[in-house]
Amino acid sequence: MVRPSNWMNLPTKLISPTGKQVVFVTNNSTKSRADYRKKLEGLGIPSTVEEIFSSSYSASIYISRILQLPENKRKVYVIGETGIEQELGSENVKFIGGTDPAYRRDITPEDYKRIAAGDESLLDPEVGVVLVGLDFHFNYLKMALAYHYVKRGAVFLATNIDSTLPNSGTLFPGAGSMSAPLIMMLGQEPVALGKPSQAMMDSVEGKFKFDRSRTCMVGDRVNTDIRFGLEGKLGGTLGVLTGVSSKEEFVSGEIRPHAYLDKLSDLLDSE
């Protein structure tokens, strides 16, 4: 299993001729599996949609196939982007929120009153799940609605709880930053469906039927990728210094991979 960003600029001969099954596992919920396949294709990396396992897909599977929701509580309130919406749609799960422009506004004094009164024009009575992912238009209104849905009994889920997002050589708020205020308000942790959650590992194993003892997790972040592999009792974990974690973390941190490389293409030099 591998984090998709670690395959950038990697010769395809390291992937296909080995006869090994490759699964691309990502916590990025803003893109669907189809979006990721296009991205990998643009990098010259062969893949199919079925070889990609995203946190948005993992959450959609969990909602549609594992959660036992009442008939009248099967709608999902989404904090997130189109990747979540597309994957929920692929599982025929109804949802509100997400990229709907109606939620991309400031809260008003009237909103407070309507939410407090349980006005169904703001609080949909069919919502049984709140799903939180990375949302580039996160605001107070979205947060307030999510809080009240959970207080009314909705299941609290998160695509992933990454605190930060690497971009342009630095870090920005990650999906966990969307969940954090809700956790503080509710005094409740969400069920997380991305790395390092073993719910995601179980889902991947259920789909691909692999032997954990003969599987290696490749990634650049110790608290998600490497922890995912270690807690999943995979045969190996391989850290790469092309992303978030440093060599010092790989060598002497609390969570350490079995081995590490400067970049994944270094494997070619060992042939």
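The values are calculated or read from the model by the stated rules, or taken from the named source; none is laboratory data. Source: prediction; values computed, not measured. Cβ sites come from the backbone with ideal geometry, for glycine too, and all protein chains shown count toward neighbours.
Remarks
- Those residues of region 219-234 which are surrounded by fewer than 22 Cβ atoms within 10 Å (Cβ to Cβ) and either in contact with a Cys (Cβ under 6 Å, 6 or more places away or on another chain) or among the polar types (S, T, N, Q) (or both), in sequence order: Asn223
- Residue in region 120-129 that is in contact with a Pro (Cβ under 9 Å, 6 or more places away or on another chain) and not in a helix (DSSP H, G or I) present: yes
- Here the strands (runs of 3 or more DSSP E) wholly within region 155-270 that include at least 1 residues being touching a Leu at 6+ places or on another chain (Cβ under 6 Å) and assigned by TED's automatic domain parsing to the domain that holds Thr26 are 216-219, 236-240, 259-261.
- Residues within region 39-60 that are aliphatic (A, V, I, L, M) and under 16 Å from Ser203 (Cβ atoms), tallied: 3
- Unmet criterion (only one of (1) at pLDDT below 90; (2) on the phi < 0 side of the Ramachandran plot) for Gly89: (1)
- Condition met for Thr82 (over 20 Å from Gly174 (Cα atoms) and either touching a Pro at 6+ places or on another chain (Cβ under 7 Å) or not hydrophobic (A, V, I, L, M, F, W, C) (or both)): no
- Within region 130-152, considering residues that are touching a residue at least 60 places away in the same chain (Cβ under 8 Å) and in a loop (DSSP other than H, G, I, E, B), the one surrounded by the most Cβ atoms within 10 Å (Cβ to Cβ): Gly133
- Residues (part of a helix (DSSP H, G or I), surrounded by fewer than 15 Cβ atoms within 10 Å (Cβ to Cβ), out of contact with any helix residue (DSSP H, G or I) (no Cβ under 9 Å at 6 or more places or on another chain) and at pLDDT 60 or above) located in region 1-49: Lys38, Glu41, Gly42
- Residue in region 182-205 that is touching a Pro at 6+ places or on another chain (Cβ under 9 Å) and not aliphatic (A, V, I, L, M) present: no
- Where a residue in region 226-255 is touching a residue at least 12 places away in the same chain (Cβ under 8 Å) and its partner, wherever it lies, is of a type in the set (Gly, Ala, Ser) and surrounded by fewer than 20 Cβ atoms within 10 Å (Cβ to Cβ), with Cβ under 7 Å and at least six apart: Gly235/Ser213; Leu238/Ala259; Gly243/Ser5
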